[in-house]
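Data first, discussion second: the structure below is written as structure tokens.
The values are calculated or read from the model by the stated rules, or taken from the named source; none is laboratory data. Nothing here was measured: the structure is a model prediction, and the numbers come from that model. Here the Cβ positions follow ideal geometry from the backbone for every residue, glycine too, while neighbour counts run over all protein chains shown.
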Amino acid sequence: MGDIQARRLADDRRTKFADMGPEEAEQMLSEWAIITRDRDTRVRAAVTAGLSKHRVHRITGIGRSTIDRILASTSGGECANSVPDGGQDNH
């Protein structure tokens, strides 16, 4: 998804969320909690599959330093030292 598409989607979501009631808001938060519960596992899987830290950052919005911490917490830390950064500046 390109940056323009992502911005349009975010605008659409803001409009939708502005009109929701308490029950809908609670449902939305519950869905978010379920989806994000396995964030670290999904990040590790993406990097293991070959995505660079930079690409994971661009797709998810997760900071690269956070991605480093997620990968460092992998048992044995084997991913932490071998993660490609896509040739991007990590700062």
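For region 20-78, enumerate the residues that are surrounded by 14 or more Cβ atoms within 10 Å (Cβ to Cβ) and of a type in the set (Gly, Ala, Ser). Within region 20-78, 46, 52 meet the criteria.
Filtering region 13-36 to residues that are modelled with pLDDT of 90 or more and outside any helix (DSSP H, G or I) leaves only 21. Looking at 58, 69, 64, just one residue is farther than 24 Å from residue 9 by Cα and basic (Lys, Arg), and that residue is 69.
Just so you know, in region 37-63 the residues that are in contact with a Lys or Arg (Cβ under 9 Å, 6 or more places away or on another chain), in a helix (DSSP H, G or I) and closer than 24 Å to residue 4 by Cβ include one that is modelled with the lowest pLDDT, and it is 60.
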